Amino acid sequence: MIGSRDIEIRRAVFDWLTEQRQEHGEALSRASLESFSLGGKRIPLVGPAGIWKPAVCELPVSITTVVRGPYDDAFDERTGRLSYAYRGTDPTHKDNVGLRTAWAERVPLVYFHALEPGAYVAWYPTFVVGDDPVALRFSVQVDDISAAYAVSSRQVADGTEEARREYVTRTVRQRLHQERFRERVLHAYQDRCALCSLRHQELLDAAHITPDSHPEGEPVVSNGVALCKLHHAAFDRLFFAVRPDYVIEVKPSILAEHDGPMLVVGLQQIHGKLLLLPRRPSDRPDPTRLERRYADFLRAS
């Protein structure tokens, strides 16, 4: 049975990860994940292996999927479960045994999914919910944060657990897709707003040209523009548009308004400017998408 110290460490990890996400956003650096400490003792949350057990823990504390790694972790739409590959091909390897024990004892983990080298999204609490020694894979699901404390306290899960975990897992997968899109778009625009050149990542978004709810709203860089939160909100509400020639056009009624300096600097002064573009032509906004959105803008104006 897992000890109270191990449970204490996991709770501290979940609290710390929540604080990091609130302060820095979804994408967390590997350096920060390696620097976590508790009681003055450093406890790295990721290691050289995908299944990671710090020396002070009895069981693995995290599992990691890396970019272009040797293992193919997949999602099963039918079951709402993630498939996580064994360490190697030996079911009795200590890392595989550790995850199997975590499954048996209902111990919560963190699932780190790499967006790009050195940048991870954290899913927690993640539970091992199945083991297939023939396929050399574990099944895992993400749960609500309250479940981490309930299970760690040996409380019995109710009958809604499976449905809840399936829902949460689907939700975090959607969030992962959105964060991947954001990371790729911001990288293409060198981490700056394409209108005002603001470089504070916490205030930058990846705005969709064709909305992600649209059948053609693919999460590709050419369907995105890096914008600060002010310009993103204004773009979504058609206060301005980007023409297919990348010139910005502000709604006439906005140009005619008299308000404070934010309106002047934030919106009125961008009229007629050229959008700041990514270096790679393939990353630049798709003119066809811009043309369709510009038509919507004209109708709304």
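The values are calculated or read from the model by the stated rules, or taken from the named source; none is laboratory data. Quick caveat: nothing in here was measured; it's all calculated off a predicted structure. Reconstructed Cβ throughout: ideal geometry from the backbone, glycine too, with neighbour counts over all protein chains shown.
For segment 70-90, does any single residue satisfy the condition of being among the β-branched types (Val, Ile, Thr), without any contact (Cβ under 8 Å) to a residue 60 or more places away in the chain and surrounded by fewer than 18 Cβ atoms within 10 Å (Cβ to Cβ)? Talk me through it step by step, then tell me what you get.
Just the residues of segment 70-90 that are among the β-branched types (Val, Ile, Thr), to begin with: 79, 89.
With without any contact (Cβ under 8 Å) to a residue 60 or more places away in the chain added as a condition, the list becomes 89.
Narrowing further to those that are surrounded by fewer than 18 Cβ atoms within 10 Å (Cβ to Cβ): 89.
The answer is yes, given that some residue of segment 70-90 is among the β-branched types (Val, Ile, Thr), without any contact (Cβ under 8 Å) to a residue 60 or more places away in the chain and surrounded by fewer than 18 Cβ atoms within 10 Å (Cβ to Cβ).
When you scan segment 191-290 for helices (runs of 4 or more DSSP H) that lie fully inside it, which ones turn up with 1 or more residues that are among the basic types (Lys, Arg)? Can you show your working first?
Working: elements: 229-236, 252-255, 261-266.
Per the criteria, 229-236.
Across segment 195-214, the qualifying residues are those that are over 18 Å from the mean Cα position of the chain (by Cα), in contact (Cβ under 8 Å) with a residue 12 or more places away in the chain and closer than 14 Å to residue 293 by Cα, and the one among them that is surrounded by the fewest Cβ atoms within 10 Å (Cβ to Cβ) is 210. Residue 257 meets each of the listed conditions (1) touching a strand residue (DSSP E or B) at 6+ places or on another chain (Cβ under 7 Å); (2) at pLDDT below 95 apart from (1). Candidates in segment 27-48 are the residues that are under 15 Å from the mean Cα position of the chain (by Cα) and surrounded by fewer than 19 Cβ atoms within 10 Å (Cβ to Cβ); of these, the one that is farthest from residue 201 (Cα to Cα) is 30.
The residues of segment 25-59 that are touching a residue at least 60 places away in the same chain (Cβ under 8 Å) and part of a loop (DSSP other than H, G, I, E, B), listed by number, are 25, 26, 27, 45, 46.
On the stretch given as segment 49-58, residues that are surrounded by fewer than 18 Cβ atoms within 10 Å (Cβ to Cβ) and either modelled with pLDDT of 90 or more or not assigned by TED's automatic domain parsing to the domain that holds residue 98 (or both) total 2. There is at least one residue in segment 163-180 that is among the hydrophobic types (A, V, I, L, M, F, W, C), modelled with pLDDT of 85 or more and under 22 Å from residue 121 (Cβ atoms).
Only a single item in (1) at pLDDT 95 or above; (2) within 19 Å of residue 179 (Cβ to Cβ) is not met by residue 26, and it is number (1).
Can you find, within segment 100-152, the residue that is farthest from residue 51 (Cα to Cα) among those that are in a helix (DSSP H, G or I) and in contact with an Asp or Glu (Cβ under 8 Å, 6 or more places away or on another chain)?
To start, the set of residues in segment 100-152 that are in a helix (DSSP H, G or I) comprises 100-104, 145-152.
Checking the rest, the ones that are also in contact with an Asp or Glu (Cβ under 8 Å, 6 or more places away or on another chain) come to 100, 103, 147.
On the way: 100: 11, 103: 14, 147: 21 Å.
Taking the candidates together, the pick is 147.
Within the group 260, 217, 224, 272, which residue is out of contact with any Lys or Arg (no Cβ under 7 Å at 6 or more places or on another chain), farther than 29 Å from residue 176 by Cβ and either in contact (Cβ under 8 Å) with a residue 12 or more places away in the chain or surrounded by 14 or more Cβ atoms within 10 Å (Cβ to Cβ) (or both)?
Working: 260 fails: either in contact (Cβ under 8 Å) with a residue 12 or more places away in the chain or surrounded by 14 or more Cβ atoms within 10 Å (Cβ to Cβ) (or both); 217 fails: farther than 29 Å from residue 176 by Cβ; 224 fails: farther than 29 Å from residue 176 by Cβ.
The conditions single out 272.
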